[in-house]
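> Here's a structure for you.
The values are calculated or read from the model by the stated rules, or taken from the named source; none is laboratory data. Given the structure is predicted, the values throughout are model-derived calculations rather than measurements. Reconstructed Cβ throughout: ideal geometry from the backbone, glycine too, with neighbour counts over all protein chains shown.
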Amino acid sequence: MSGRLIAGLGLRPGTSEADILACLDEALAIAGLSHESTSRLATLSSRMGEPGLNAAAASRGAELVCVPDEALKGFEAACATRSTRIASLYGVGSVAEAAALAAAGPGGTLVQPRIATARVTCALARSAGSETPTP
């Protein structure tokens, strides 16, 4: 399968590395990609300083991609799931799905819709080619 695999994440402030990785691993397993590593973890700009997120990216050797809140809105139509609460906050039904698609770049496709645990949401997207620009 060509293209890079990107995990889009939505998380509550103070979420631990273990909680983030557990949700990521669950999404990978559901998608049948449990042995494939993600090249990027993407989330909201406002979450980039989260210690758990930074630790999760470091432990997986993944690039952490910052997606500006306003950039998420361009992916509303491509989102498979919709949270009314998240839509009222960010203008998009799923932060995880929109962040994954934004980081996947033009032609990226959603390969695993958002799954949710108590503190984290995760969705997976694949880029159209082997190299993708950072949003």
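> What single numbered condition from (1) of a type outside the set (S, T, N, Q); (2) over 15 Å from Thr121 (Cα atoms); (3) free of Cβ contacts under 8 Å to residues at least 24 places away in the same chain; (4) surrounded by 13 or more Cβ atoms within 10 Å (Cβ to Cβ) fails to hold for Arg82?
(2)
> OK, next. What residue, among those in region 13-37 that are modelled with pLDDT under 95 and outside any helix (DSSP H, G or I), is farthest from Glu97 (Cα to Cα)?
Within region 13-37, the match that is farthest from Glu97 (Cα to Cα) is His35.
Each row is one residue, and each column tells you yes or no for (1) over 23 Å from Gly14 (Cα atoms); (2) surrounded by 14 or more Cβ atoms within 10 Å (Cβ to Cβ); (3) touching a Gly at 6+ places or on another chain (Cβ under 9 Å); (4) not aliphatic (A, V, I, L, M).
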{"residue": "Leu41", "(1), (2), (3), (4)": "no, yes, yes, no"}
{"residue": "Pro51", "(1), (2), (3), (4)": "no, no, yes, yes"}
{"residue": "Leu64", "(1), (2), (3), (4)": "no, yes, no, no"}
{"residue": "Ala71", "(1), (2), (3), (4)": "yes, yes, no, no"}
{"residue": "Gly74", "(1), (2), (3), (4)": "yes, yes, no, yes"}
{"residue": "Gly105", "(1), (2), (3), (4)": "yes, yes, yes, yes"}
{"residue": "Arg119", "(1), (2), (3), (4)": "no, yes, yes, yes"}
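> With respect to Gly10, determine if the residue is surrounded by 18 or more Cβ atoms within 10 Å (Cβ to Cβ), part of a loop (DSSP other than H, G, I, E, B) and in contact (Cβ under 8 Å) with a residue 12 or more places away in the chain.
Here the answer is no, as Gly10 does not meet what is asked.
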